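See below for the structure under consideration.
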4 protein chains.
Amino acid sequence: MRTTRLEAFSDGVIAILITIMVLELRPPHATTLVALVPLVPVFLAYLLSFVVVGIYWNNHHHMFHATDDVNGTVLWANLHLLFWLSLVPFVTAWMGENHFAALPTAAYGGVLLLCAGAYTLLQTAIIHHQGHDSKLARAVGSDAKGRLSLVMYITGIFLAFIQPALSWALYAAVAIIWFVPDRRIERALRSRRH
Amino acid sequence: MRTTRLEAFSDGVIAILITIMVLELRPPHATTLVALVPLVPVFLAYLLSFVVVGIYWNNHHHMFHATDDVNGTVLWANLHLLFWLSLVPFVTAWMGENHFAALPTAAYGGVLLLCAGAYTLLQTAIIHHQGHDSKLARAVGSDAKGRLSLVMYITGIFLAFIQPALSWALYAAVAIIWFVPDRRIERALRSRRH
Amino acid sequence: MRTTRLEAFSDGVIAILITIMVLELRPPHATTLVALVPLVPVFLAYLLSFVVVGIYWNNHHHMFHATDDVNGTVLWANLHLLFWLSLVPFVTAWMGENHFAALPTAAYGGVLLLCAGAYTLLQTAIIHHQGHDSKLARAVGSDAKGRLSLVMYITGIFLAFIQPALSWALYAAVAIIWFVPDRRIERALRSRRH
Amino acid sequence: MRTTRLEAFSDGVIAILITIMVLELRPPHATTLVALVPLVPVFLAYLLSFVVVGIYWNNHHHMFHATDDVNGTVLWANLHLLFWLSLVPFVTAWMGENHFAALPTAAYGGVLLLCAGAYTLLQTAIIHHQGHDSKLARAVGSDAKGRLSLVMYITGIFLAFIQPALSWALYAAVAIIWFVPDRRIERALRSRRH
């Protein structure tokens, strides 16, 4: 089975998720600068989630670029990832509207942790299907970046009950680590052509 | 007529349906664990519907993979399926918000039954267009799984007025039966290549 | 310029329009059959609009199937059609929630009239670009069906102030006329191959 | 890396943005013409934003038509553009619901200015990736139109505090300037074929 339609469906779901989050940014009734102040945490939460979902799209794009065909397991591992991603707008709204309170901030980290876990599972399913000598397997290697993210998310969840600002800083740090698209795959693809 | 654009349009509609259901999961105003409790049935209803719609996408994907071209009847049979699928978010919300009360649970089963019927119709329209000796016709065979699902949905609808939890178990059981993508088609496709 | 991306974008917009209309079908708080009664006109309005938008998608699909490349004018004529289609959810909700009152029913017909006009403009722009000897030009011919629809919509708009049920019957009649996808194009395409 | 999936994702996001704006156009409860009057500024704001987003889609389409492959920087520059575009529904609703009050009108211009800046950045990233002798570089040239738009948006933002109607006229004027799709690219592509 080719990857085209799986990519198109994932693009659709991710495009909708990244866009419906902005619906939480409801226009205030007043027309003063002060009226925008309560929206600042909502905007910051939206900004972080936009970047996080954008990173998922970017890396998903790269991963399937190094994948030629899929089986049923990969299809389901992909839907599993989309399920946890679909909860990002919910926790973003909960965290933003409650000005980064402890529990919503921890829940936000929890959903990001589940997304990261689902992404790792999907990656493993593809590598298992392709064989451990594949382009993707060599590109991912020991996946230090992936494992570091999981540790950072878990730390962030616990820190939310002490100082939510630190959690937010950690979540943002994971985003910065991944901001650069997965150059490992780009490099592996390039080295293969030469 | 090629199937590309029909697949793209169906992907779009299904991607939107699967995603807007999460909008029913409204963030609570409080930031305590207790505030999440009323969301549990809404979340469970969303989870089941996500899996059900995911199964439709998966099998739709497989079915059109075994289909090369379509006619007007297939186009309309496909839109007919999308119409009933589009009512899934409505019954999901009704059932979830009312904590699996009798009538909403029966209505949920009713919409799933109509979706399953519409899927069977679409399958029949494609087989009729391709001829009864086609890849898809051989893959589907007597469609025991499809007919079993219809019986289970009808039973679930009646059980909703006695014990809605049993209906829910039946609906979930249908999902589990179909969880594995239609291996019959994968097998038929493979056997054809050899 | 190829038509691929224009088709993908139009598919996206139409898929979203056809799906967001269902958001107007808000689940009632009660769990009785009686609670569903006020939703009946909303459901009927949704059903008609789903069929109407489905017909647009279907015919759009057929029309661009007979179109190889586009210019700037066609791009804008297509966006113009999407603009009027984007108002269908608004008038559907207004008409459905007000149980087919006179003015909303007329406004519904007005938006459908503008959609039909925009579709004719798009068709003309494509034929102008392709030359009057093209596949599409021969398929459309004198476009009696298109002109009849315009007359029926105009009649429906006036009838709304006398008896809205008649308007609804006329709008539904237009849908039935177009229900069958544009066989003229299918026929013209087939005759060309032979 | 090919541009196909980037274009599909951008199409998805832009299609959703252009469509969810119409959700702000809430059907009034009354069924009189007078009930539609408060919707007029909301409709005008929607109309302007539909045209603006339509222009972005159109020019995005043209720009990537002249682009064969992308790198990580282009992927991120594209997501950056989509981020600012995603704020258009928010400022459209704020401006429309407040009948073009000073601050919302200035904020609307501010978001359009950021979109225009992001588009210029994306264009620069593509040209940098392709080399300054590429099709796109020659098509864009000194980008007088792009720079004029920025000046007009900045003027519009300041005028909002004096006379918002003038801002609106300026924003509409930018739309008219860009209404014609980027003929420079069409011309450059054509001249290359000959």
- Item | Cut-off 16 Å, label 7 Å out along Cα→Cβ of C:Val40, residues of segment C:153-171 by amide N | C:165
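Using a probe radius of 1.4 Å on protein heavy atoms only, what is the accessible area buried between chains D and A, both sides summed, to the nearest 100 Å²? If you can, show how the numbers build up before the last one.
On the way: alone 10460 and 10470 Å², together 18050 Å².
In total, this chain pair buries about 2900 Å².
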- Query: Just counting partner chain Cβ atoms within 10 Å, what average do the residues of peptide D:51-62 show around their Cβ?
  - Reply: 3
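What does the accessible area per residue of the protein assembly as shown come to in Å², with a 1.4 Å probe and no ligands, DNA or RNA counted?
Numbers: 30350 Å² over 776 residues.
Computed with neighbouring chains in place, this is 39 Å² per residue.
Divide by every residue of the protein assembly as shown the summed helix terms, -39500 (n - 2.57) for each DSSP H run of at least 4, and state the resulting mean residue ellipticity at 222 nm, rounded to the nearest 500 deg cm²/dmol.
-25000 deg cm²/dmol
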- Item | Distance between segment B:99-173 and segment C:13-51 - C-alpha centres, whole angstrom | 22 Å
- Relative packing of D:127-138, C:67-78, B:52-63, which averages over residues the other C-beta atoms within 10 Å, highest first: B:52-63, C:67-78, D:127-138
- Note on the structure: With the label set 7 Å along Cα→Cβ, C:Asp69 is separated from its counterparts in the other copies, in nm and shortest first, by 2.5, 2.5, 3.5
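Rounded to two decimal places and with Rh computed the Kirkwood way over Cα pairs, what is Rg over Rh for chain B? Display every interim value, and only then the final one.
Numbers: Rg = 18.0 Å, Rh = 17.6 Å.
Radius of gyration over Kirkwood radius for chain B works out to 1.02.
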- Note on the structure: All alpha-carbon distances of segment B:81-129, grouped into 10 Å bins from 0, give the whole-percent distribution 29, 40, 21, 9, 1
- Where a ≥ b ≥ c are the square roots of the eigenvalues of the C-alpha gyration tensor, would you call the protein assembly as shown rounded, which needs a/c under 1.5, or, failing that, prolate if a/b is larger than b/c, or oblate? rounded
- Query: Just counting partner chain Cβ atoms within 10 Å, what average do the residues of peptide A:24-35 show around their Cβ?
  - Reply: 5
- Label spacing, shortest first and in nm, from D:Pro28 to its equivalents in the remaining copies (7 angstrom along Cα→Cβ): 2.8, 2.8, 4.0
- Would you calculate the separation in nanometres between label points at D:Ser142 and B:Leu23, each defined as 7 Å from the Cα along the Cα-to-beta-carbon direction? 4.7 nm
- Message: Residue by residue through B:83-91, how many Cβ atoms from other chains fall within 10 Å of the Cβ on average?
- Response: 4
- Of all accessible heavy-atom area on the protein assembly as shown, the percent that carbon and sulfur account for (1.4 Å): 69 percent
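For a quick protection proxy, order the peptides B:4-13, D:111-120, B:20-29 by their average other-Cβ count within 10 Å, most packed first. Mind showing how you got there, number by number?
On the way: B:4-13: 23.0, D:111-120: 21.0, B:20-29: 17.9.
The most tightly packed comes first, giving B:4-13, D:111-120, B:20-29.
The values are calculated or read from the model by the stated rules, or taken from the named source; none is laboratory data. All of these numbers come straight from a predicted model, not from anything done at the bench. Every residue, glycine as well, gets a Cβ built from its backbone with ideal geometry; the counts of neighbours run over all protein chains shown. Only protein heavy atoms, including side chains, enter the accessible area calculation; ligands, DNA and RNA are left aside. Shrake-Rupley method; radii C 1.70, N 1.55, O 1.52, S 1.80 Å.
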